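Report on the following structure.
The values are calculated or read from the model by the stated rules, or taken from the named source; none is laboratory data. Just so it is clear, the structure is predicted and the values come from calculations on it, not from any experiment. Cβ coordinates were reconstructed from backbone atoms using ideal geometry, including for glycine residues, and neighbour counts include every protein chain displayed.
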Amino acid sequence: MIMPTPAQIDAIVQAVIAELGRRGATQEAPVFAGRLFGLLQAEAVGTDEREVRIAAGTVITPMAQDLLKRRKITLKYVSISEIKGKETGEWAFVIDGRTSGKAEALRRALLDAWAELSTTDAIPWLIARPGRGALLLTHEASVASWRANRVEGVRAASAVDTDAVARAVRQLGVNLLIVEPAGLSIPFVRSMAETFRRGGAPSEPGGLR
């Protein structure tokens, strides 16, 4: 067997590095669509990332900016339409349990941009076509999440604020967001729903399996 020369080995290494660089350049930088990007969110950015995209309107704290700068990570503000691109997805909501005054108010707040489904129709609708996302409002998020995740194709997560929603979108590609509205204001729940939709059509992140 003919052994390669040091010069040939160096050429092979350089070619591999160049190819990895080209592949890395084609990957989209992570997107944060929550209302506040703080130090905790900055620390969660992967060490191999070179850019973080922030939805327009998101507030970034000075400490988060300083950490990104020290790690030589570029911060870029992007519009909601740019984040979504052409894949805006299909969206629906479900109100599980007894109807209350708050539930009716939430229904009215969501119906302008979301379809309403029954609890029995939600999962079949969700997995029937890629790019669909559903918001489930329930009194018991943990049980609902456990049940939903037993169905193939469902990536359910419960959340209590917009930051948790943004992480679930970014890291899980969540397509079923489960929220317990008790104790939350209607504008706050709407903000969580909007953060869910900002990620565009839900899709499973690469390497999740």
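Tally up the residues in the stretch 137-162 that are aliphatic (A, V, I, L, M) and touching a Pro at 6+ places or on another chain (Cβ under 9 Å), please.
Step one: list which residues in the stretch 137-162 are aliphatic (A, V, I, L, M), which gives 137, 141, 143-144, 148, 151, 154, 156-157, 159-160.
Imposing the further condition that a residue be touching a Pro at 6+ places or on another chain (Cβ under 9 Å) reduces the set to 137.
Qualifying residue count for the region: 1.
In the stretch 38-49, of all residues being within 22 Å of R198 (Cα to Cα) and assigned to a loop (DSSP other than H, G, I, E, B), the one that is modelled with the lowest pLDDT corresponds to G46.
The residues of the stretch 164-209 that are within 21 Å of A105 (Cα to Cα) and not hydrophobic (A, V, I, L, M, F, W, C), listed by number, are E180, P181, G183, S185, P187, R190, S191, E194, T195, R197.
Condition first: of a type in the set (S, T, Y) and in contact with a Gly (Cβ under 7 Å, 6 or more places away or on another chain). Now tell me which residues in the stretch 170-207 satisfy that. I'd like the intermediate steps shown before the answer.
Within the stretch 170-207, the subset of a type in the set (S, T, Y) is 185, 191, 195, 203.
Hits for the stretch 170-207 are T195, S203.
Applying the condition of being more than 17 Å from the chain's Cα centre (by Cα) and of a type in the set (V, I, T) to the stretch 50-64 and asking which residue is modelled with the lowest pLDDT yields V59. If the condition is being assigned to a loop (DSSP other than H, G, I, E, B) and either in contact (Cβ under 8 Å) with a residue 40 or more places away in the chain or exposed (fewer than 15 other Cβ atoms within 10 Å of the Cβ) (or both), then the stretch 50-61 contributes R50, A56, G57.
In the list A103, A156, A141, A164, which residue meets the criterion of being touching a helix residue (DSSP H, G or I) at 6+ places or on another chain (Cβ under 8 Å) and of a type outside the set (D, E)?
Details: A103 fails: touching a helix residue (DSSP H, G or I) at 6+ places or on another chain (Cβ under 8 Å); A141 fails: touching a helix residue (DSSP H, G or I) at 6+ places or on another chain (Cβ under 8 Å); A164 fails: touching a helix residue (DSSP H, G or I) at 6+ places or on another chain (Cβ under 8 Å).
Matching residue, one of A103, A156, A141, A164: A156.
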